[in-house]
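S.K.: Sharing a structure here in structure tokens format.
All of the numbers you see were taken from the coordinates with simple rules; none came from a lab. From a predicted model like this one, the values you see are computed outputs, not experimental measurements. Cβ: placed from backbone, ideal geometry, glycine included. Neighbour counts: every protein chain shown.
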Amino acid sequence: AAARRRERAARDAAAAGDAGARGGGADTDDSGSLFADVLLAVGDVLGATSRIADPPPRAGPSLPPATAARALVAAHLARAVYRDHRAGDSETLALPMPVVADAGAAGGAGGATAELVCVRFAARGDAARDVQWGVWAVTMRPAGASGDAEPAVRAVAVAFRGSKEPLDWLLNLSPTPIGVIGDPDVRVHAGFLLAAMHVLADVLDAAEAARAMLGSDDARGGGSGGSGGSGGCDGGDDGGDDGGVELWWLGHSLGGAVASCAALHVAALRRLCALAAGGLVVGDAGDDEIRRAHV
């Protein structure tokens, strides 16, 4: 800012000298100079405020490699759902971190690969409560493992798109709190919950198809052991040893909020994982039931 002032003062002095040389002798108008001084002062204050408000840099949380690998795939799908897909579309991701505790013993070189197959994709319709979503079958193996090797991780990923169209904002601007079915003491944002319920039956059907593709049955959860929570999302040893398939609920912004509400309704499913990237607060933030639906 000081340098800008010096430059402006030099230009003003040069302009005044030129005017004197021409013999104009007219009074100069300082209103522009005063306005510039005000702008510079405001800029200095805002700059100082932003420097004070910015927190000092700090290291992010340290995640177990297997959890970080899952999070990387989940974030990719939360972004991918913004684009159109067709059932059967597939892609392979190279991950820099392992998905098993002993990557070397599993034939990996410290990394992993993830194969993502779109099982169903539903573009946003014209209904006010509609949302865009997709279901993917995910398999993750140590880097270097053959395609015939048993996956270290098998997961069904359900991803919801965030706000992109004007109709999406009808959901965002419907914040009346309503009770969750089965637990009316938990109240959540009506727009997010109604959007989740509007598509949940179709989503669960697609999730069941994805589980069948991955070699597991009972997509709606009723297997033995586990009751929601963090199973399969913490990089533990239960990521597939007993033939189970993890279930991920994903989304960014509005999609993260809808995913959170959908996860509340299926929180009894084993190996439940809800990831809201930039998701909004959906209800009573201090309620244990909402916290248990997130990992």
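S.K.: Please report the net charge: other residues with Cβ closer than 12 Å to the Cβ of D202, K and R +1, D and E -1.
M.R.: Taking every Cβ under 12 Å from that of D202, the sum is -2.
S.K.: Right, another one. Could you sort the peptides 130-139, 74-83, 90-99 by per-residue average Cβ neighbour count (10 Å cutoff), highest mean leading?
M.R.: 130-139, 74-83, 90-99
S.K.: Starting from segment 147-179, pick out the trypsin sites (Lys or Arg not before Pro) whose DSSP state is loop and whose Cβ has at most 16 other Cβ atoms within 10 Å.
M.R.: K164
S.K.: Going highest first, how would you order 112-118, 258-264, 170-176 by mean Cβ packing within 10 Å?
M.R.: Going by the mean number of other Cβ atoms within 10 Å, highest first, we get 258-264, 112-118, 170-176.
S.K.: Ok, one more. Per-residue counts of other Cβ atoms within 10 Å, averaged by peptide: what ranking do you get for 201-210, 244-253, highest first?
M.R.: On the way: 201-210: 18.9, 244-253: 26.4.
Averaged packing, sorted descending, gives the order 244-253, 201-210.
S.K.: Also, I was wondering about something else. Thinking of segment 117-183 as a set of Cα atoms, what percent of all their pairs are more than 15 Å apart?
M.R.: It works out to 67 percent of all Cα pairs.
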